[in-house]
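Below is one structure; the comments refer to it alone.
The values are calculated or read from the model by the stated rules, or taken from the named source; none is laboratory data. Everything quoted here is computed from the prediction, not taken from an experiment. Positions of Cβ are backbone-derived with ideal geometry, glycine not excepted, and every protein chain shown enters the neighbour counts. We work out accessible area using only protein heavy atoms, side chains counted, and drop any ligands, DNA or RNA first. Shrake-Rupley method; radii C 1.70, N 1.55, O 1.52, S 1.80 Å.
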Amino acid sequence: MRIKIVSHTPISVKFVLEKANPALANAFRRALLGEVPVMAVDEVVFFTNTTHYFDEYVAHRLAMVPIRTDLRSYSVGDGKVVTLSLDRVAEEDGEIVYSGDLVSSDPVVIPANERIPIVKMHKGARIKLEAIVRMGKGKWHSKWQAVSGLGYSYYPIYRLRGGAVRACRKYVERCPDGSFRKEGGDYVVESYLDCPGLEDCIEVQRRRDPESVEVEDWDGSRFIMSFETTEALTIGEILVAATDELLKKFNSLKEKISNAEGGG
Amino acid sequence: MFPVRCFTCGKVIGDKWDEYAERVASGEPPGKVLDDLGIDRYCCRRMFLTHVDLTGEFSRFAALARIDATPESPPNV
């Protein structure tokens with residue numbers, strides 16, 4: 001398995017999973033979704049809440065706020081907690097409590113996004129609470145999910161004909177050797193993501209003239225994956241953590257098999 | 001109040017409502033504002049397009065039922 005980053009921003013990434021197979025690609029997807037350890041509000045103690053919102057409603061909103069996770073100091077099941085506290089009396093009608101108003105007991109573990117509204121208050125209302133943050137995994141509850149918009153597809157091998165050949169020639173000619181071949185008047189592009197600008201050209205051409213762009217085959221050993229982070233972890237931390245978790249699972253399986261063989 | 005996450009994909013959207021509401025109120029087309037905010041998927045887009053902010057509405061009635069309602073904090077209309 002090899003990961004080749006195609007494009008990324010601070011919060012989203014698109015990459016090709018190479019030397020893989022459908023089972024491994026799906027295992028990796030599930031590791032990204034459910035196995036990456038992340039911190040989230042797990043319990044909320046309310047001392048006072050005279051706002052118009054139920055305790056449960058506020059607690060749920062707090063749980064959805066991504067918390068910047070420190071993977072070095074915390075791990076799943078270590079019993080360590082961080083508390084976020086809040087005590088606020090509204091001086092005006094319509095005052096909003098934001099995620100950034102929560103005061104953390106650990107300066108590193110703070111809400112990853114400070115601009116998320118938690119509750120709207122009316123004049124004189126008071127809310128005092130303590131939110132307990134724990135490490136968890138996405139498979140237990142989606143509040144512990146480090147990614148959103150995660151998905152993958154097989155790698156398409158395109159055949160460009162007629163109009164598409166004319167429109168996209170300049171991009172195909174810039175492709176690295178071996179990523180495309182000529183067949184008659186057609187181009188067969190094996191790795192269209194390696195050619196700068198070709199992806200957009202194919203997209204435009206497919207809308208203009210669907211006949212001229214054909215997916216000749218779907219490559220079952222390469223997968224185009226993409227996801228976004230909730231900003232609890234960085235893209236790099238998520239990829240590393242997911243790979244670690246997957247390796248741990250493979251190793252424990254290997255161990256169990258060898259134990260069974262030895263004991264049998 | 002506007003949801004913190006997209007119901008379907010889990011993207012954090014709570015922080016983007018204020019800007020969206022402001023710009024749409026000032027006459028910009030909602031689709032363009034969503035593009036600018038980086039809301040690409042239609043699951044997240046519908047969260048914005050279909051949201052109706054009722055906080056002001058129900059707080060009028062909640063205020064009447066409040067146990068600690070005092071004369072100096074009249075119902076929020």
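Quick check: net charge around residue A:128, other residues with Cβ under 13 Å of its Cβ, Lys/Arg +1 and Asp/Glu -1? It would help to have the intermediate numbers written out before the result.
Numbers: positive: A:88, A:126; negative: A:55, A:87, A:101, A:130.
Cβ neighbours under 13 Å give a net charge of -2.
Using the Cα atoms as the points, what is the convex hull volume per residue of the range A:96-178 in Å³?
Values: hull volume 21.5 nm³, N = 83.
It is 259 Å³ per residue.
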- [ ] Any chance you could give the angle, 0 to 90 degrees and rounded to 10, that helix A:162-172 forms with the longest Cα principal axis of chain A?
- [x] 70
Open item on the list: Which order do the peptides B:12-22, A:175-185 come out in when sorted by mean C-beta neighbours inside 10 angstrom, highest first?
Closed with: B:12-22, A:175-185
- [ ] Please give the solvent-accessible surface of residue A:250 in Å², to the nearest 10, using a probe radius of 1.4 Å with every protein chain present.
- [x] 100
Task: the range B:1-60 - percent of accessible surface contributed by carbon and sulfur, probe 1.4 Å - done: 56
- [ ] Assign one of three labels to the protein assembly as shown, namely rounded, prolate or oblate, based on the Cα gyration tensor with a ≥ b ≥ c the square roots of its eigenvalues; rounded applies when a/c is under 1.5, prolate when it is not and a/b is larger than b/c, and oblate otherwise.
- [x] oblate
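How large is the helix-only mean residue ellipticity at 222 nm for the protein assembly as shown, computed as the sum of -39500 (n - 2.57) over DSSP H runs with n ≥ 4, divided by its residue count, in deg cm²/dmol to the nearest 500? List each step's numbers first, then the result.
Values: 9 runs with 110 residues, N = 341.
Result for the protein assembly as shown, helices only: -10000 deg cm²/dmol.
Could you work out the mean count of beta carbons from other protein chains within 10 Å of each residue's beta carbon in A:86-98?
Working: counts 0, 0, 0, 0, 1, 0, 0, 8, 4, 0, 3, 0, 2.
Taking all residues of A:86-98 together, the mean is 1.
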Task: Partner chain coverage, peptide A:225-231 - average Cβ within 10 angstrom - done: 2
- [ ] Any chance you could give the angle, 0 to 90 degrees and rounded to 10, that helix A:235-263 forms with the longest Cα principal axis of chain A?
- [x] 80
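If Lys and Arg each add +1 and Asp and Glu each add -1, what is the summed charge of the other residues whose beta carbon sits under 12 Å from the beta carbon of residue A:223? Show your work: numbers first, answer last.
On the way: positive: A:2, A:4, A:14, A:19, A:29, A:222; negative: A:18, A:219.
Surrounding charge for residue A:223 is +4.
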- [ ] Please find the FRET efficiency linking residue A:80 to residue A:30, where r is the Cβ-Cβ separation and R0 is fixed at 25 Å, and quote it to the nearest 0.05.
- [x] 0.45
TODO: Give me the angle, in degrees from 0 to 90, between the Cα long axis of helix A:55-64 and the longest principal axis of the Cα atoms of chain A, rounded to the nearest 10.
DONE: 40
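With a 1.4 Å probe and all protein chains left in place, how much accessible area per residue does the range A:16-147 have, in Å²?
Working: 5840 Å² over 132 residues.
With the other protein chains kept in place, the range A:16-147 gives 44 Å² per residue.
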TODO: State whether the range A:102-260 is rounded, prolate or oblate according to the following rule on the C-alpha gyration tensor (a ≥ b ≥ c being the square roots of its eigenvalues): a/c under 1.5 gives rounded; otherwise a/b larger than b/c gives prolate, and the remaining case gives oblate.
DONE: oblate
- [ ] Report residue A:257's accessible area, 1.4 Å probe, all protein chains in place, as a number in Å² to the nearest 10.
- [x] 90
Open item on the list: Considering only protein heavy atoms and a probe of 1.4 Å, how much of the accessible area of chain A is carbon and sulfur, as a whole percent?
Closed with: 51
- [ ] Percent of Cα-Cα pairs per 5 Å bin, from 0 to the last occupied bin, for the range A:37-144, please list those.
- [x] 2, 13, 24, 25, 17, 10, 5, 3, 1
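Report the accessible surface area buried between chains A and B, summing both sides, using a 1.4 Å probe on protein heavy atoms only, in Å² rounded to the nearest 100. Walk me through the numbers before you get to the answer.
Details: alone 14260 and 5530 Å², together 17750 Å².
That pair hides around 2000 Å² of surface in total.
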- [ ] For peptide B:6-19, compute the average count of partner chain beta-carbon atoms within 10 Å of each residue's beta-carbon.
- [x] 6
